[in-house]
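*Asks:* Shown below is the structure under consideration.
Read-outs throughout are calculated quantities, based only on the coordinates presented, and are distinct from any laboratory measurement. All of these numbers come straight from a predicted model, not from anything done at the bench. FYI the Cβ positions are ideal-geometry reconstructions off the backbone, even for glycines, and counts take in every protein chain you see.
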Amino acid sequence: MSSHGIKDQVAIVGMGCTKFGEHWSKNADDLLIESTTQALNSAGVTKQDIDAYWVGTAMSGMSGMTVSRPLQLHNKPVTRVENFCATGSEALRNAAYAVASGAYDSALAVGVEKVKDSGYQGLVGAGKTPTDGTNRTLTAAAMFAMCAPAYGNRYGVGDDQMREVLARISWKNHYNGARNERAQFRKEVSMDTICGAPLMAGGLRVFDCSGVADGSAAAVLVRAEDAHQYTDRPLYVKALAFVAGNASGNADPDYDYTYFPEIEAAGRDAYAQAGVTDPRSQIAMAEVHDCFTPAELLIYEDLGFAERGSAWKEVLAGTFDLAGDLPVNPDGGLKSFGHPVGASGLRMFFETWLQLRGDAPEERRIAHADRGLALTHNLGGYPGEMVSFVGIVGNELG
Amino acid sequence: MQGILSAAGYVPYRRLDRGTITETFAAGGGRGTRAVAGYDEDTTSMGVEAARLALRAAPSGAHPRTLAFSTTTPAYLDKTNATAIHAALRLDTDVLAADFGGAIRSGLAALTAALHGPDPTLLVTADVRDGLPTSADEAAGGDGAAAILVGSDTDGPALATLAGEGHTTEEFIDRWRTPGDNRSKVWEERFGETKYVPLGEQAWNAALKSAELSADQVDQVIVTGAHARAIRSLTARLGVDKSKLADDLSGSVGFTGAAHPALLLAAALEQASPGQTIALVALADGADVLVFRTTDAVGTWKPARAVADQIAAGAPLSYGKFLTWRGVVTVEPPRRPEPDRISAAVTGRTEHFKYGFVGSKDRTSDALHLPPARVSRVGDAVDDMEPAPMADVPGTIAAFTIDRIAYSPSPPIVFAIVDFDGGGRLPIELTDVNADALQVGDRVEMTFRRLFTADGIHNYFWKARPFPAGAQGKEGSSA
């Protein structure tokens, strides 16, 4: 058994992404019509030209009819997928495999979520599975809050220093988001404001937590050999890795909440598929799942962007800043966009689409696009029990 | 002959200083404190806690054949509440569990019935005492539970045996509460006094006669009941020296209704010496007097957690919190969804975990699974597990967090990753905790609680709580 991957077999030839935010006047149909229309136009095709559709949504629709009805698709196969917060990436992963298999010449992956209609703070699980009431009712913020003191204890980072590190991650993402017209929050936020914001859970304050938002993003995928029929600057799928954890972290006393084994494993698989041996020097930029600032800190180490125990120093040194050695979340991340669950993964691919093709606006353009590879990452679930996706795309074959 | 094989009281963690009632309303309240059930406790869950302590201190061969549960504030009507206690104690299916509910008198009546035998019986009593703000019941009442294991000498050595008893009954209207009401009403108290004192004297004399004792031969007298004035009058007429009167815990715990006679009896046995005579006098719609004689076994008996220690380990609760916990005041909840009702069908499949806190242990790798699993997380063995009862296994906090946004009947939620001694981990909510003083590495024990109620269905499960002061839960032991 091994993960062979589909390196250079499938290309992204068109993408679309709505502005993320509080779309009180738009429903899920409106948002996915907007993102798919952008994507189709960007590839120069019509909805009927696409052979098959995948839609990722966690709570805004059931079945493929979530897309076929609003888009009025005629006799098209549409598959709805859900995989926690990696739902949007999962739509692209499955669409890419369908094209690589030869079953279809083209496919469209769209992610959409209407989160703001719930009326609650934060994400609300869609599941109404009957339970025995012994399941945890904690928020994600509280679970991720445990990672910060665990990391600090293990690596000798004091509370004040950790506070600064986490704030620096939040500061960076808001700095980037302030330069992105599609982001929900477009203001830079000072370190003092971040450190003085109200407590949400554990040591996490408001600016340590991603917001919620409505939004949608979409991608058109075709066989790599056909890519230049649609665009002269396609992105090639280099790796698509996914790990669904066995939830052992919350059962195994040896797990210490300072790393995410599911992310480490997904990263390892993705690097093998793409032939990446030194991510720090080979990856031009990364979009990672910054649902909470401690998550982004641990992800740096899980994905090999920094040595174990050293990511906090790299954060303070600016390594992951827009102008840093390896820019992470140059679009502003979940911190600036909020997190419409089904859309976030595809929103991340949208940033790679802009950056690797040189279309990102100058004020947030990365310096190392010539490295040619970009990484996207999602996690879904909690420390100790999560799913993780890692994707790598590149602007050249080989 | 039936005797008491073990006994325990359960005093919840929180205390309301009665002076805070007076400060708030310029009325009511008084001196001392009353015990307050946690927002996540009810009579069933407190009954479980008392019963666990009683069984822990019981002779190893003693197994109750009947579980009798008495309360004036049952969590359910129609549905038996004793069955949840039965499940939490992991008693065998063929043990009878039934409620003796409604009236204050039912607690001592159930104990009397058990003492008449012949089956080994676990009497569990619990009460949550409510009253309108500034009322005498609000201040004088207390929440708590007690459990007494009764059996014969074939079940184990008795701590005390019944030497005599007396009972009187009369129908009169002194105190009443119609179903659905959250407070009792009382008649003008002189009337009740004139009824209770002669009823008490008659039962007292009958009990002394049946025990072949004179009043001055009784070593300790416990007098209790809801009618404070009648108790004072009767006590003065019993012919016993003041030095022999037991503390009725009114200054620290309050009157715990149906549970109070058993709670005071447990407290007395915890301090008793061999060969003593203890009389328990309770006024409730008549009078009940039980006279016990302690045996040599009481000298070596080790209570699981003495009532006096539990009283000493309490922590204060503000009057505002008290009023919200009792449902008198509703505060703004977090903007998060309230939980759905639990599924009877799912719960029917998971009773051993949900109520008994039984996990599973892989026979090959010893990997422990909470909740129980079929496939091992270590070694991947399938269906090769044995049950792992974890309710009495202490644990250590590996990490913790405070959730200010999740739904809780009393936010914020304090939550911890708990690693159990000997293996096993579960992320679980903490209770009876001072979050500011919490540290990684703190020792915790499991406690049975009511997590929430939805559609009238109570969701019982376990939480972890720091060991009370004086019960440190040494690694590898169950304190």
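*Asks:* Residues with beta-carbon under 14 Å from that of B:Leu199, excluding B:Leu199: net charge, scoring Lys, Arg +1 and Asp, Glu -1? If you can, show how the numbers build up before the last one.
*Replies:* On the way: positive: B:Arg105, B:Lys195, B:Arg237; negative: B:Glu170, B:Glu171, B:Asp174, B:Glu193, B:Glu201, B:Asp285, B:Asp288.
Here the charged neighbours net out to -4.
*Asks:* Can you pull the one-decimal nm distance between simple spin-label points at B:Asp455 and B:Arg237, each 7 Å off the Cα toward Cβ?
*Replies:* According to this spin-label approximation, the distance is 5.5 nm.
*Asks:* Then there's this: Can you tell me the length gained on complete extension of the stretch A:Tyr155 to A:Asp278, counting 0.36 nm per residue apart and subtracting the Cα distance? Display every interim value, and only then the final one.
*Replies:* On the way: separation 123, 0.36 × 123 = 44.28 nm, distance 2.36 nm.
Roughly 41.9 nm would be gained on extension.
*Asks:* For B:Ile405, B:Ile173, B:Ile311, what's the fewest-to-most ordering of other Cβ within 10 Å of each Cβ? Mind showing how you got there, number by number?
*Replies:* On the way: B:Ile405 23, B:Ile173 12, B:Ile311 20.
Ordered from fewest to most neighbouring Cβ atoms within 10 Å, B:Ile405, B:Ile173, B:Ile311 come out as B:Ile173, B:Ile311, B:Ile405.
*Asks:* Here's something else I'd like to know. Relative to the first principal axis of the alpha-carbon coordinates of chain B, what is the inclination of helix B:189-211, with its axis defined by its Cα atoms, in degrees from 0 to 90 and to the nearest 10?
*Replies:* Rounded to the nearest ten degrees, it is 90.
*Asks:* Of the candidates A:Thr139, A:Thr131, A:Thr66, which one comes out as most mobile in a Gaussian network treatment of chain A with C-alpha springs shorter than 10 Å?
*Replies:* Most flexible of the set in this elastic network: A:Thr131.
*Asks:* A follow-up question, please. Assuming R0 = 51 Å, what is the FRET efficiency of B:Leu438 and B:Glu171, from their Cβ-Cβ distance, to the nearest 0.05? Present the calculation step by step, with values, prior to reporting the outcome.
*Replies:* Numbers: r = 53 Å, r/R0 = 1.04.
After rounding, the FRET efficiency stands at 0.45.
*Asks:* Between helix B:106-115 and chain B, what is the angle of the helix's C-alpha long axis to the longest principal axis, kept within 0 to 90° and rounded to the nearest 10?
*Replies:* 90
*Asks:* Once you've got the GNM for chain A with C-alpha springs shorter than 10 Å, pick whichever of A:Gly304, A:Gly342, A:Gly211 has the biggest mean-square fluctuation.
*Replies:* Fluctuation is largest for A:Gly304.
*Asks:* Quote to one decimal, in nm, the extra length available between A:Ser25 and A:Ser63 on full extension: 0.36 nm per residue of separation minus the C-alpha distance between them.
*Replies:* Working: separation 38, 0.36 × 38 = 13.68 nm, distance 2.38 nm.
Extra length from A:Ser25 to A:Ser63 when fully extended: 11.3 nm.
*Asks:* So how far, in whole Å, is the C-alpha centre of region B:159-191 from the one of region A:59-107?
*Replies:* 70
*Asks:* Where does the charge balance sit around B:Gln2 when Lys and Arg score +1, Asp and Glu -1, over other residues with C-beta under 15 Å from its C-beta? Don't skip to the end; give the middle numbers.
*Replies:* Numbers: positive: B:Arg65, B:Arg293; negative: B:Asp119, B:Asp153, B:Asp155, B:Glu165.
That sum, taken over residues with Cβ under 15 Å, equals -2.
*Asks:* With a Förster radius of 41 Å, plug the Cβ-Cβ distance of B:Arg183 and B:Ala113 into 1/(1 + (r/R0)^6) and report the FRET value to the nearest 0.05.
*Replies:* Details: r = 29 Å, r/R0 = 0.71.
FRET efficiency, B:Arg183 to B:Ala113: 0.90.
*Asks:* Largest first and to the nearest Å, give the Cα extent of region B:3-325 along each principal axis.
*Replies:* Ordered largest first, region B:3-325 gives principal extents of 56, 44, 36 Å.
*Asks:* Let me ask something else. Hey, which lysines would be in cross-link range of B:Lys79, C-alpha to C-alpha under 23 Å, not counting anything within fewer than 8 residues on its own chain?
*Replies:* Excluding near neighbours in sequence, the set is B:Lys354.
*Asks:* By DSSP, what percent of the beta bridges with both residues in chain A are antiparallel, rounded to the nearest 5?
*Replies:* Working: 39 of 54 bridges.
In chain A, DSSP labels about 70 percent of beta bridges as antiparallel.
*Asks:* Quick one: if you stick a label point 7 Å off each Cα along the C-beta vector at B:Glu386 and A:Arg365, how many nm between them?
*Replies:* 7.0
*Asks:* Give me the angle, in degrees from 0 to 90, between the Cα long axis of helix B:43-56 and the longest principal axis of the Cα atoms of chain B, rounded to the nearest 10.
*Replies:* Helix B:43-56 sits roughly 90 degrees off the main axis of chain B.
*Asks:* Next question. What's the local net charge at A:Val55, with K and R +1, D and E -1, over the other residues with C-beta under 12 Å away? Don't skip to the answer; put the middle values down first.
*Replies:* Working: positive: A:Arg69, A:Lys76, A:Arg80; negative: A:Asp29, A:Glu82, A:Glu90, A:Glu113.
That sum, taken over residues with Cβ under 12 Å, equals -1.
*Asks:* Could I ask something else about it? List the lysines whose Cα lies under 18 Å from the Cα of B:Lys195, skipping any in the same chain that are fewer than 8 positions away.
*Replies:* Within the straight-line limit of under 18 Å, B:Lys195 reaches these lysines: B:Lys185.
*Asks:* Under a crude label model (7 Å from the Cα following the beta-carbon direction), how far is A:Asp254 from B:Thr194 in nanometres?
*Replies:* Going from the A:Asp254 label point to the B:Thr194 one covers 7.9 nm.
*Asks:* Can you tell me the length gained on complete extension of the stretch B:Ala312 to B:Val375, counting 0.36 nm per residue apart and subtracting the Cα distance?
*Replies:* Gain in length upon complete extension: 18.2 nm.
*Asks:* Just to be sure I understand: of the beta bridges DSSP finds with both ends in the protein assembly as shown, what percent are antiparallel, rounded to 5? Working shown, then result.
*Replies:* Values: 111 of 147 bridges.
For the protein assembly as shown, the DSSP antiparallel bridge percentage is about 75.
*Asks:* Of A:Lys76/A:Lys114; A:Lys187/A:Lys335; A:Lys19/A:Lys116; A:Lys19/A:Lys187, which ones are farther than 19 Å apart at the Cα?
*Replies:* On the way: A:Lys76/A:Lys114 24 Å; A:Lys187/A:Lys335 11 Å; A:Lys19/A:Lys116 14 Å; A:Lys19/A:Lys187 15 Å.
Those over the limit are A:Lys76/A:Lys114.
*Asks:* May I pose another question? 222 nm [θ] for chain A, helices only, -39500 (n - 2.57) per DSSP H run of 4+, per residue, to 500?
*Replies:* Numbers: 13 runs with 133 residues, N = 398.
Theoretical 222 nm ellipticity from helices: -10000 deg cm²/dmol.
*Asks:* For chain B, what does the helix formula give at 222 nm: sum of -39500 (n - 2.57) over DSSP H segments with n ≥ 4, over the residue count, nearest 500 deg cm²/dmol?
*Replies:* Numbers: 13 runs with 116 residues, N = 479.
The helix-only estimate for chain B comes to -7000 deg cm²/dmol at 222 nm.
*Asks:* Okay, moving on. Under 15 Å from a point 7 Å along the Cα-to-Cβ line of B:Ser410: which residues of region B:18-36 have their amide N that close?
*Replies:* The answer is B:34-36, whose backbone nitrogens lie closer than 15 Å to the label point.
*Asks:* Another one. Taking θ = phi - 60°, what integer Hz values does the Karplus form 6.51 cos²θ - 1.76 cosθ + 1.60 yield along region A:107-115, in sequence order, with x for Gly and Pro?
*Replies:* 8, 10, 10, 10, x, 8, 8, 10, 9
*Asks:* Between A:Thr46 and B:Lys79, how high is the FRET efficiency from 1/(1 + (r/R0)^6) when r is the Cβ-Cβ distance and R₀ = 51 Å? Nearest 0.05. Could you put the intermediate results ahead of the total?
*Replies:* On the way: r = 62 Å, r/R0 = 1.22.
For R0 = 51 Å, the calculated efficiency reads 0.25.
*Asks:* Separate question: Return the single residue from A:Asp325, A:Asp29, A:Asp370 with maximal mean-square fluctuation; model: Gaussian network over chain A, springs between Cα atoms under 10 Å.
*Replies:* Between A:Asp325, A:Asp29, A:Asp370, it is A:Asp370 that shows the largest mean-square fluctuation.
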